[in-house]
1. So, with a 1.4 angstrom probe, what is the percent of accessible area on region 35-103 that is carbon and sulfur?
2. Consider a paramagnetic label point 7 Å from the Cα of GLU32 along Cα→Cβ; state which residues of region 65-88 have an amide N under 17 Å from it.
3. Whole number in Å², please: accessible area per residue of region 35-103, 1.4 Å probe, ligands, DNA and RNA not counted.
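The values are calculated or read from the model by the stated rules, or taken from the named source; none is laboratory data. Values in this document were obtained by computation on a predicted structure and should not be read as measured data. Note that each Cβ is placed from the backbone with ideal geometry, even for glycine, and that neighbours are counted across all protein chains shown. The accessibility values were calculated without ligands, DNA or RNA, using every heavy atom of the protein model including side chains. Shrake-Rupley method; radii C 1.70, N 1.55, O 1.52, S 1.80 Å.
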Amino acid sequence: MTAPDAEPAPEPAGPVGPEPSGPAGPAPVDRELSVRERAVLALERRSWAGPGAKERAIREELGISPVRYFQLLNALIEDERALREDPVTVNRLRRLRAARRERR
C-alpha cells in the first residue's frame, strides 16, 4: 500500500530503443537512420571507375554481399527518413527505378 501523499509511478514511455523495420511494416518516422543505412546512402552517392569496383567496396566497407546491399538500398528508396537525409541521392534513385519500370 502506498502513502496517501506519494505520487503515482510514471507510466512506461514504451519500448526502449528504435524499432527495427522489417516485414511487419516500415520503420517509424521519428527514428533516425542507422549507421549502416547512412553508409549505404554514402556509398551510393559515389561514382565508380570500373566494373566490380562498387561490389568490392560494398564487401570491404560494409561487410555485406552486393545482393544484401541492393535489398537495403531498395528499402531505403521508399523510406521518408532517407529522403530527408539525402534527397538528391534518393530522388535520383527513384527516377532511375521509374525509368527502368517504364522500359519493361
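1. Details: 2330 of 4470 Å².
So the carbon and sulfur contribution to the accessible surface is 52 percent.
2. From region 65-88, the list is 80-87.
3. Values: 4470 Å² over 69 residues.
So region 35-103 comes to 65 Å² accessible per residue, rounded to a whole number.
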